[in-house]
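Take a look at the structure set out below.
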Amino acid sequence: MAESTVHQSRSRDLDKLLLRPGNLVAPTFEPGAQLRDDLQEYAKILVVGAGGLGCELLKDLALSGFKNLEVIDMDRIEVTNLNRQFLFRLEDVGKPKAEVAARRVMERVSGVNIVPHFCRIEDKDIDFYRDFIIIVLGLDSVEARSYINAVACGFLEYDSDDKPIEETVKPMVDGGTEGFKGHARVIIPGSTPCFECTIWLFPPQVKFPLCTLAETPRTAAHCIEYAHLIKWDEVHSGKTFDPDDPEHMKWVYTEAVKRAELFGIQGVTYSLTQGVVKNIIPAIASTNAIVSAACTLETLKLVSGCSKTLSNYLTYNGVEGLHIKVTEFVKDKDCLVCGPGVLLELDTSVTLQKFIDMLEEHPKLLLSKASVRHQATNLYMQAPQVLEEMTRSNLNLPLFELMGKVPRDIVHVTGTTSRDDKKASCLRKLCLVFKGADAVTDQDMAVGA
Amino acid sequence: MIRLFKVKEKQRELAENANGGVPIKKQTAGELRVNKDISELNLPSSCTMTFPNGKDNLMNFEVSIRPDEGYYLGGTFLFSFQVSPIYPHEAPKVKCKTKVYHPNIDLEGNVCLNILREDWKPVLSINTIIYGLYHLFTEPNWEDPLNHDAAAVLRDNPKMFESNVRRALSGGYVGQTFFQRCI
């Protein structure tokens, strides 16, 4: 009896959102106890990253009624994490973040099950990611986001009108923080811009000219980068620098101090050395909390349909005063990652050479001198000569066979287009469908039998 | 959306029973862009490329440059390129694998070329970088030195710089440093 009272009180606030109809809800919203129960039973959510944002996300999602969570992170806990990654204690230092975070949240929030994965995101099969209704990202690198984005958008299929097929849409909610600044965004592949559509949003990393480092250092950071990029190789020929090895870091720090003394530069400290080398920006717990709260709320809204979702990019800036803004970015319709690609129907007998000729005459493409790539294989490369020679023999083979006899797949082509007498280089995604490919396979099987 | 997911769950089970599921390596947008850059290369005959990991891995490759004018005429210089998956958001990492007496390349093979670091832009390409490297050999520049000694000699005594370069190229000592023959 006591237990059921507790249970009821925990979902009381959530019930107000999930059990009652509303005017701002998504068209698919069907309020009721069934929805609440489904949310707990079926909504499996992946949290990528168990660091500053990841800890917040796991806690927030668990407290928002989600019961099936998984978390993936390749890092181990460090002492410097403890100020904000509140799920970790001093005795956890050295243990995998994913495992400790999962255990702590499960201890605290009854009924939630969190499966930890202590590995790199690339270590998992693509199908691992297919299992989740939504992927929530609490990452700190462009590379990792780009990878997950490619995986999630890879599931997306379009119908013959270039409309995304709903069952293949794998939404992502992406959070990011840097000091006092943060963002939360909702990526619905095929509908809102994917990570790659707006990659230009990320500012390039500041890099100092090597000759400045070598000759005319002016700042503490110059001295540190000198020790890290130039001096290290000079002294440890062949040994790669490991930013996670404290011995290596100490060596760089000591060398940077010497360099700074030589040029009369102040301010080289061990923590600045770590900051410069690992590109660390001081993390602020409250920024993580704010961004995570926004991400969790969007996740709940996306999964349940209980309200309209963020459209589609929220920026938070607490540096001077406080600014929050939502921008509706637009999708790049030709995006190589989330776009539909140009649909082409082909006979199974078409050779690669014939296909390349067809691209030149295709009214939508007018693409000459095409190089063709299918998945991770270069079927034909126009240049340089060494690659042209290696791929030339493919030209006389049927494309259908070169692509492993699948009835439908994506290829990428690069080449030159001419529009209005102007030539421009381009990279296009094509969706190839082979006419009668299923029949051919059947025939093959019949012959085989 | 949740109802949809229940349907999906069933479909997935069916699909799982149907095929064996061959894991496919995900390609990154960076790989596609490198492919484009490489298929569009327009190099002078003095520059050639090799792909040590075969025709399908274009993220690591080597470029050899054989200047046909200037101080370094006749030498062959090998550069390794390492391209990150977020290319062109980030410049490739380029190292000179041939030990060379050059004001803008140090003895560890670090190269001081602005477009490889502070001036990199995603609109630049592999082609631009190779031309940039070629340019370093035709117009070595003492104002951005990585090899301080070589830069000072070039600035103060170009004749001596020239003879030092010739000695290094044919294999020999310049000061305390030995250079392998690369002609």
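Below is a table of values for the structure above.
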item	result
Test for B:Asn104: is it at negative phi, surrounded by 21 or more Cβ atoms within 10 Å (Cβ to Cβ) and touching a residue at least 40 places away in the same chain (Cβ under 8 Å)	yes
Pick from the stretch B:106-134, criterion assigned to a helix (DSSP H, G or I), under 30 Å from A:His236 (Cα atoms) and not β-branched (Val, Ile, Thr), ranking: nearest to the other protein chains (Cβ to nearest Cβ)	B:Asn114
Flag if B:Ser163 is among the small types (Gly, Ala, Ser) and free of Cβ contacts under 8 Å to residues at least 12 places away in the same chain	yes
Residue in the stretch A:285-302 that is in a loop (DSSP other than H, G, I, E, B), surrounded by 18 or more Cβ atoms within 10 Å (Cβ to Cβ) and in contact (Cβ under 8 Å) with a residue 60 or more places away in the chain present	no
Failed item in (1) assigned to a loop (DSSP other than H, G, I, E, B); (2) closer than 24 Å to A:Arg145 by Cα; (3) not polar (S, T, N, Q), with A:Gly94 passing the rest	(2)
Matching entry among A:Asp75, A:Asp92 (being acidic (Asp, Glu), assigned by TED's automatic domain parsing to the domain that holds A:Val142 and over 23 Å from A:Ile281 (Cα atoms))	A:Asp92
Only one of B:Phe137, B:Phe161 that is in a helix (DSSP H, G or I), under 18 Å from B:Ile105 (Cβ atoms) and in contact with a Leu (Cβ under 6 Å, 6 or more places away or on another chain)	B:Phe161
Meets criteria (at pLDDT 90 or above, within 10 Å of another protein chain (Cβ to nearest Cβ) and surrounded by fewer than 24 Cβ atoms within 10 Å (Cβ to Cβ)) for A:Lys207	no
For A:Val169: the one exception among (1) touching a strand residue (DSSP E or B) at 6+ places or on another chain (Cβ under 8 Å); (2) aliphatic (A, V, I, L, M); (3) buried (at least 18 other Cβ atoms within 10 Å of the Cβ)	(1)
Per-region count, the stretch A:345-374, residues within 14 Å of chain B (Cβ to nearest Cβ) and either charged (D, E, K, R) or surrounded by fewer than 16 Cβ atoms within 10 Å (Cβ to Cβ) (or both)	2
Options A:Arg218, A:Arg145: the member that is outside the structural domain of A:Leu58 (by TED's automatic domain parsing), of a type outside the set (A, V, I, L, M) and either crowded, with 16+ Cβ neighbours inside 10 Å or not in a helix (DSSP H, G or I) (or both)	A:Arg218
Residue count for the stretch A:16-50, restricted to those that are part of a loop (DSSP other than H, G, I, E, B) and either of a type in the set (A, V, I, L, M) or closer than 12 Å to A:Ala102 by Cα (or both)	7
Residue among A:Asp140, A:Asp174 that is farther than 22 Å from A:Val326 by Cβ and either of a type outside the set (S, T, N, Q) or in a loop (DSSP other than H, G, I, E, B) (or both)	A:Asp140
Residue list for the stretch A:48-99, filter: touching a residue at least 24 places away in the same chain (Cβ under 8 Å) and charged (D, E, K, R)	A:Glu56, A:Lys59, A:Asp60, A:Lys67, A:Glu70, A:Asp73, A:Asp75, A:Arg84, A:Lys97
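The values are calculated or read from the model by the stated rules, or taken from the named source; none is laboratory data. In this text the structure is predicted, and so the values were computed from the model without any measurement. Ideal geometry is used to build each Cβ from the backbone, glycine not excepted, and the neighbour counts take in all protein chains shown.
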